[in-house]
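Below is one structure, written out as structure tokens, with a few remarks after it.
Laboratory data are not the source of any read-out in this text; all were calculated from the coordinates shown. Nothing here was measured: the structure is a model prediction, and the numbers come from that model. So basically every Cβ, Gly included, is an ideal-geometry build from the backbone, and we count neighbours across all protein chains shown.
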Amino acid sequence: MKPILGFIGLGIMGKPMVRNLLAAGYEVHVYSILARDIDEVIKDGAIGEPSNGNVARRADIIITMVPNTPQVEEVVFGEDGVAAALGAGKIWMDMSTISSLATREFAERITAIGARMLDAPVSGGDKGAKGGTLSIMVGGEADVFERCRPILEILGSRVTHVGGNGAGQVVKSCNQVLAAATMAALGESLVMGAKAGVEPAKIVEVLSAGYARCGALDIRGGQILERNFAPGFMTRLQYKDLGLAMELSKGIDAPMPIAGLVHELYKVCMSQGNGNEDHSNIIKVFEQMAGIAVQAAGMADK
């Protein structure tokens with residue numbers, strides 16, 4: 001018999017993830033701070049609940065997907081939170097991207113009440129969430145991971161157990177440092193090429209076929225040329241995630257000069273009020289410095 005699932009957090013990522021679980025035949029109880037988000041997935045077959053605690057009382061495995069460490073702590077350990085309804089046999093799986101240090105502390109608190117925890121942050125953005133092709137990096141005990149693997153494999157095409165509690169968040173920080181630095185380098189290179197007089201679409205075409213090919217190009221290259229910064233992954237979340245990596249690096253004396261610089265560049269995006277745009281909007285920082293906008297031929301006439 002399939003376990004009953006709970007899902008808390010129905011944003012850009014959460015809603016399509018819930019829909020994939022429903023399509024796979026799972027019973028899913030949901031809660032979000034926005035009633036309209038609950039109503040949307042109820043139409044797809046989810047069961048709405050009035051609180052975080054109610055979700056946990058109804059479910060065997062509870063998944064959280066919320067923005068940051070304070071929100072996770074509130075959802076789980078706050079009033080009528082998940083923790084109050086946990087006990088032996090239940091699993092809390094946090095798929096948010098939060099502090100690895102806090103994650104280890106949360107796992108200890110969950111273990112003390114007799115339940116189990118996995119940290120399972122994801123990479124792949126809204127496209128991966130919709131297609132069930134997320135990359136999922138999982139921290140926690142191996143037997144708990146195996147119990148949850150069938151669920152994770154519905155949500156992602158690559159599911160990897162990377163170590164104990166907190167390890168999933170460490171690997172996610174590695175991912176975010178590389179992803180953010182790559183996006184910044186893409187923006188810088190496109191601005192340089194466009195300023196030198198080369199058609200940006202030709203640059204994207206060539207780079208996409210050579211050694212410089214990367215996820216940033218494959219997923220966002222064409223949209224940058226179209227000036228489409230609708231969020232697949234919000235700038236404010238990229239900025240937050242780089243901050244988590246910097247926090248981790250301080251505790252282990254790992255120098256992060258590139259991540260530090262990119263973090264500051266994303267701070268510029270934030271200061272300009274673009275936090276809710278896609279994180280590819282870092283190109284605007286380079287555009288402003290160079291005095292040129294990168295766009296496909298003919299876009300200026302539209």
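Brief remarks follow.
- Working note: 222 nm ellipticity from helices only, DSSP H runs with n ≥ 4, each -39,500 (n - 2.57), summed and divided by the residues of the chain, gives -16000 deg cm²/dmol to the nearest 500.
- Phi angles across segment 192-204 convert, under the Karplus curve 6.51 cos²θ - 1.76 cosθ + 1.60 with θ = phi - 60°, into 3J(HN,Hα) values of 4, x, 5, 5, 7, x, 8, 4, x, 4, 5, 4, 4 Hz, Gly and Pro given as x.
- Theoretical gain in end-to-end length, Q272 to S208 [0.36 nm per residue, Cα-Cα removed]: 20.1 nm
- Here's how it looks for L118: its modeled amide H is under 5 Å from those of W92, M93, D94, which are all 5 or more places away or on a different chain.
- A straight line joining the Cα centroids of segment 16-75 and segment 251-297 runs 33 Å.
- Nearest-0.05 FRET efficiency for A35 and A293, computed from C-beta distance (R0 25 Å): 0.05
- For segment 4-57, trypsin sites (Lys or Arg not before Pro) are listed when DSSP marks them as loop and at most 11 other Cβ atoms sit within 10 Å of their Cβ; the list is K43.
- Against the empirical 2.2 N^0.38 Å (N residues), segment 170-301 has a Cα radius of gyration ratio of 1.05.
- Relative intensity, log₁₀ I(q)/I(0), of segment 5-164 from a Debye sum that treats every alpha carbon as a point, q = 0.13 Å⁻¹: -0.51
- Cleavage-rule hits, GluC sites (Glu not before Pro), segment 147-249, DSSP coil, Cβ neighbours within 10 Å at most 15: E226
- Those GluC sites (Glu not before Pro) in segment 1-93 that DSSP places in a loop and that have at most 15 other beta carbons within 10 Å: E79
- Helix 100-112 vs. the chain, principal-axis angle (Cα, 0 to 90°, nearest 10): 10
- Here's how it looks for F7: its modeled amide H is under 5 Å from those of H29, V30, Y31, I63, which are all 5 or more places away or on a different chain.
- Amide proton proximity set for G163, modelled H, under 5 Å, gap of 5+: G140
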